[in-house]
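Q: My structure is below; once you've seen it, I'll send some questions.
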Amino acid sequence: MALQKLALQAALNRRPKISISNQVTTVLLAGGVGLGIFFGIRAVAKNFKKGIRERQALIPNNPAAFASQLKLAFENDNAFGWGTDEAAVFSTLEEIPNKATFNSVQRAYRDLYGKNLSADLKSELTVAEYNQVLQIINAKF
Ligand SMILES: [Ca+2]
């Protein structure tokens, strides 16, 4: 009995110890902290941009104002969760003076809502409506 216990103890002692070396731990920790800082700064920068865009959204004819008008038109949903104010989408797009401003509207839309404007146009409109939108945009210089 005692011998068995001793043999077991010896076997346990011979077993290689599984331990992460200090270096690996340091690298992992540094990586984690680095990632944390990266995402933290990114979140702060995103919020900062969003804040600026939200203030700009109240200025008439600002790209952020057009972007929020489009978003409101998209969200003109009924109780079933669908519905889009297509007329408002078209009139807002008509109001955008040129292609450069439209590109700014796309950036403002991404800053404000974290989404792609053309992707949202595609999902909110029918094919015919979307083609009409393309015509309005492509007519701009
Ligand atoms: Ca909608």
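The values are calculated or read from the model by the stated rules, or taken from the named source; none is laboratory data. None of these values were measured; they are calculated from a predicted model. Counting neighbours? That spans all protein chains shown, and the Cβs are built from the backbone with ideal geometry, glycine included. Please note that ligands, DNA and RNA were not included when accessible areas were found on the heavy atoms of the full protein model with its side chains. Shrake-Rupley method; radii C 1.70, N 1.55, O 1.52, S 1.80 Å.
Q: Rounded to a whole number, what % of the accessible area of the chain do carbon and sulfur atoms account for, probe 1.4 Å?
A: Summing carbon and sulfur atoms, their accessible area is 62 percent of the total for the chain.
Q: Defining a contact as two alpha carbons under 8 Å apart and six or more residues distant in sequence, what relative contact order in percent does the stretch 1-84 show?
A: 10
Q: Here is a further query. Rg and Dmax in Å for the chain, alpha carbons only: what are they?
A: Radius of gyration, then largest Cα-Cα span, for the chain: 28.5, 93 Å.
Q: Keeping every protein chain present and rolling a 1.4 Å probe, give me the accessible area per residue for the stretch 40-141 in Å². Display every interim value, and only then the final one.
A: Numbers: 6210 Å² over 102 residues.
The answer is 61 Å² per residue.
Q: Can you run phi through the Karplus equation (6.51, -1.76, 1.60; θ = phi - 60°) for the stretch 39-44 and list ³J(HN,Hα) in whole Hz, with x for Gly and Pro?
A: Running phi through 6.51 cos²θ - 1.76 cosθ + 1.60 with θ = phi - 60° gives 5, x, 4, 4, 5, 5 Hz.
Q: Work through the residues other than SER68 whose Cβ is under 9 Å from its Cβ and net out their charges, Lys, Arg +1 and Asp, Glu -1. Walk me through the numbers before you get to the answer.
A: Numbers: positive: ARG53, LYS71; negative: GLU54.
Combined, the nearby Lys, Arg, Asp and Glu give +1.
Q: Can you give the Rg to Rh ratio of the stretch 90-137, both from alpha-carbon atoms, with Rh computed by the Kirkwood formula? Walk me through the intermediate numbers first.
A: Working: Rg = 10.6 Å, Rh = 11.1 Å.
Radius of gyration over Kirkwood radius for the stretch 90-137 works out to 0.95.
Q: Assuming a viscosity of 1.002 mPa s and a temperature of 20 °C, what translational diffusion coefficient in µm² per second does Stokes-Einstein assign to the stretch 61-141, Rh being the Kirkwood radius over Cα pairs?
A: Numbers: Rh = 12.6 Å.
Here the translational diffusion coefficient equals 171 µm²/s.
Q: To continue, here is another question. Want the number for PHE48 to ALA100: 0.36 nm per residue separation, take away the alpha-carbon distance, what's left?
A: Gain on stretching PHE48 to ALA100: 16.4 nm.
Q: How would you rank 73-80, 62-69, highest first, on the average number of other Cβ atoms within 10 Å across their residues?
A: Numbers: 73-80: 12.1, 62-69: 22.0.
Most protected by this proxy first, the peptides run 62-69, 73-80.
Q: Next question. Mind giving me the FRET efficiency for ALA119 and ASN61? R0 is 30 Å, r the Cβ-Cβ distance, nearest 0.05 is fine.
A: The calculated FRET efficiency here is 0.80.
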